[in-house]
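Everything below concerns the one structure shown next.
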Amino acid sequence: VASLTGTSVSEVIQEAIDTGKTYGTIAAEAGKLEEFKEERLSVKEQILDENVENGAISREDADNILDEIKERQAQQ
């Protein structure tokens, strides 16, 4: 959110703490929700890929998790 809104990480964290807003809400209020979703998805894909490479989960499980994430994002 910080990089998308031009604020510092500490400012975004403090706003979330002070207001109880989620990072998604903060991004939406800044008009950056779609970019936030794309960035989150990219990070989660990287983590899942690393877990597949390390043998922690199967490719099929990673793909299923990724599909669930995409479905949830589409509903928001």
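The values are calculated or read from the model by the stated rules, or taken from the named source; none is laboratory data. Keep in mind that what you see is a predicted model, and the values were worked out from it rather than measured. Because the Cβ atoms are built from the backbone with ideal geometry, glycine has one as well, and the counts that use them run over all protein chains shown. Accessible surface is based on the protein model in full, side chains and every heavy atom, while ligands, DNA and RNA are left aside. Shrake-Rupley method; radii C 1.70, N 1.55, O 1.52, S 1.80 Å.
Quick one: in segment 55-76, which of the residues that are open to solvent by 60 Å² or more (accessible area, probe 1.4 Å) and in contact (Cβ under 8 Å) with a residue 24 or more places away in the chain is nearest to the chain's Cα centre (by Cα)? That would be LYS70.
Just so you know, in segment 15-53 the residues that are in contact with a helix residue (DSSP H, G or I) (Cβ under 9 Å, 6 or more places away or on another chain) and hydroxyl-bearing (Ser, Thr, Tyr) include one that is farthest from GLN73 (Cα to Cα), and it is THR19. Filter segment 3-14 down to residues that are surrounded by 16 or more Cβ atoms within 10 Å (Cβ to Cβ) and touching a helix residue (DSSP H, G or I) at 6+ places or on another chain (Cβ under 6 Å) and give me whichever is modelled with the highest pLDDT. Residue satisfying both the conditions and the ranking: VAL12. For the criterion of being in a helix (DSSP H, G or I) and β-branched (Val, Ile, Thr), THR7 fails. Considered as a group, the residues in segment 20-54 that are in a helix (DSSP H, G or I), among the β-branched types (Val, Ile, Thr) and exposed (fewer than 15 other Cβ atoms within 10 Å of the Cβ) include one that is modelled with the lowest pLDDT, and that residue is VAL43.
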